[in-house]
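See below for the structure under consideration.
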Amino acid sequence: MLKIQEIREIIKLVDQSSVDEFTYEHEGSKIKLKKNAVQQVQAVQEVREPAVQAIQQAPAAAAPAPKQESPAAEAPADQSNLHTITSPMVGTFYQSSSPESGAYVKLGSKVDENSVVCIVEAMKLFNEIEAEVKGEIAEILVKDGQLVEYGQPLFLVKPE
């Protein structure tokens with residue numbers, strides 16, 4: 001039987017690929033993953049034993065509504081030199097460590113490679129996201145509390 005972490009890895013790989021449907025069978029276990037129209041990944045694991053049938057459903061990543069027009073699309077062409085900080089996972093974007101705290105960064109804030117710029121919460125784990133580059137926050141692309149996807153741009157940074 002596959003461990004939950006192995007199932008999550010398979011879900012992530014299928015989600016990042018162009019595969020729409022994936023089935024895996026091994027030693028009486030079967031996993032079937034299928035993407036639907038809103039790019040959610042559903043997983044079901046079945047264990048075939050007499051009188052026992054366990055089904056686990058992995059949490060599907062909720063896809064955010066498509067943007068009407070991204071700020072980067074309407075920005076001038078000189079933004080090609082900006083560094084994009086992207087989300088390393090699916091989760092909820094938070095600008096601060098708690099509702100009472102101030103935001104980690106604001107428009108115009110100076111950051112270095114190790115500066116925490118936000119938190120992405122996934123499955124009750126709060127993951128600090130670092131700037132990865134020294135520079136100035138040029139644009140914040142998501143709102144506090146917004147669901148974000150893997151690889152979704154969060155910030156634009158003007159490198160020094």
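The alpha carbon centroids of the range 1-21 and the range 81-160 are separated by 26 Å. Placing dummy labels 7 Å off each Cα toward the beta-carbon, the span from residue 6 to residue 136 is 5.2 nm.
Summing +1 for each Lys or Arg and -1 for each Asp or Glu among the other residues whose beta-carbon sits under 13 angstrom from that of residue 92 gives -1.
Size descriptors for the range 109-160 (Cα atoms only): Rg and Dmax, in that order, 11.3, 35 Å.
Throughout, read-outs are computed from the coordinates displayed, never taken from laboratory work. Everything quoted here is computed from the prediction, not taken from an experiment. When we count neighbours, we look across all protein chains shown, and the Cβ atoms used for this are built from the backbone with ideal geometry, even at glycine.
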